Amino acid sequence: MSVDILAIAAHRDDVEQTCGGTLLKMASLGHSTGILDLTQGELGTRGTAEDRAREAEAAAKILKVSWRQALDIPDGRVENTWENRLKIARVIREQRPRIVILPYWKGRHPDHYTCSTVGYEACFLAGLAKLDLAGKPHRPFKIVYATLYYDIRPTFVVDITEHFEARLESIYAYKSQFTDQEAGRSDFPPQAEIRERVGAMASYYGMLVGVRYAEPFLQKEVGLVEDLMSIPVKSI
């Protein structure tokens with residue numbers, strides 16, 4: 001079974017935090033969605049890879065994704081290698097998404113911004129007819145970048161107001177990560193503050209377009225408009 005929209009991220013829970021509401025909204029519109037996590041999360045400060053696998057499955061059900069898989073790229077060592085590009089390209093050919101969501105190509109965590117580069121190059125490779133790789137050649141029509149992990153003005157945002165609560169629930173599904181504990185205490189927000197923080201970010205991007213909650217994205221291409229009268233979001 002193929003998917004219409006595939007979100008690719010370095011770690012289990014990255015998608016939930018950056019574009020989970022968008023995936024849920026797309027599913028509600030009848031589009032099939034999927035998530036490809038590049039690592040198992042074995043180096044995470046909190047929990048184990050087994051914990052993350054169970055939590056990712058629970059989160060996927062909340063977000064109503066049709067397909068989810070985690071590759072075996074080492075956590076903390078997401079590198080732009082030929083082998084890793086081929087691993088992702090195999091999935092692109094198998095799932096044949098029209099749209100791929102990648103993390104923005106800058107950020108604090110090396111795994112995140114490397115995922116952006118290796119993901120893009122894998123999308124290109126997947127379309128090469130002479131590449132010795134199983135499956136029919138396929139390239140997504142559109143690649144967009146989820147920018148929530150980096151402070152940059154987005155190209156567009158997606159209104160997730162109706163899906164905010166479910167998106168928050170998908171984040172809470174990662175109990176090993178977002179419950180109060182000593183491990184990583186200085187880096188992880190207290191559980192009581194998670195809703196406030198997630199809501200503040202979603203409210204900020206929603207405010208930019210006049211909705212309550214939104215998730216930000218960037219595209220590299222110039223947008224095409226057929227009818228000026230149909231452009232959304234007022235100027236003044």
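Rundown of residues vs (1) closer than 29 Å to residue 43 by Cβ; (2) part of a strand (DSSP E or B); (3) open to solvent by 60 Å² or more (accessible area, probe 1.4 Å), yes/no style:
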residue	(1), (2), (3)
132	no, no, yes
137	no, no, no
151	yes, no, yes
196	yes, no, yes
204	no, no, yes
215	yes, yes, no
229	no, no, yes
236	no, no, yes
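In this structure, is residue 128 aliphatic (A, V, I, L, M) and under 15 Å from the mean Cα position of the chain (by Cα)?
Values: aliphatic (A, V, I, L, M): yes; under 15 Å from the mean Cα position of the chain (by Cα): no.
When the stated conditions are applied, residue 128 does not pass them.
Select, from 147, 161, the only residue that is open to solvent by less than 10 Å² (accessible area, probe 1.4 Å) and of a type outside the set (A, V, I, L, M, F, W, C).
One residue alone meets the criteria, 147.
Return yes when residue 76 is over 18 Å from the mean Cα position of the chain (by Cα), on the phi > 0 side of the Ramachandran plot and surrounded by fewer than 23 Cβ atoms within 10 Å (Cβ to Cβ) and no when it is not. Write out each step before concluding.
On the way: over 18 Å from the mean Cα position of the chain (by Cα): no; on the phi > 0 side of the Ramachandran plot: yes; surrounded by fewer than 23 Cβ atoms within 10 Å (Cβ to Cβ): yes.
Answer is no for this residue.
Can you spot a residue in the range 172-194 that is out of contact with any Phe, Trp or Tyr (no Cβ under 8 Å at 6 or more places or on another chain), at pLDDT 95 or above and loosely packed, with under 15 Cβ neighbours inside 10 Å?
The answer is no, given that none of the residues of the range 172-194 is out of contact with any Phe, Trp or Tyr (no Cβ under 8 Å at 6 or more places or on another chain), at pLDDT 95 or above and loosely packed, with under 15 Cβ neighbours inside 10 Å.
If a residue has to be open to solvent by 30 Å² or more (accessible area, probe 1.4 Å), at pLDDT 95 or above and assigned to a loop (DSSP other than H, G, I, E, B) to count, how many in the range 1-35 make the cut?
Qualifying residue count for the region: 4.
The values are calculated or read from the model by the stated rules, or taken from the named source; none is laboratory data. Everything numeric in this text was worked out from a predicted model, so none of it was measured. Glycine gets a Cβ as well: all are built from the backbone with ideal geometry, and neighbour counts include every protein chain shown. For accessibility, only protein heavy atoms count, side chains too; no ligands or nucleic acids. Shrake-Rupley method; radii C 1.70, N 1.55, O 1.52, S 1.80 Å.
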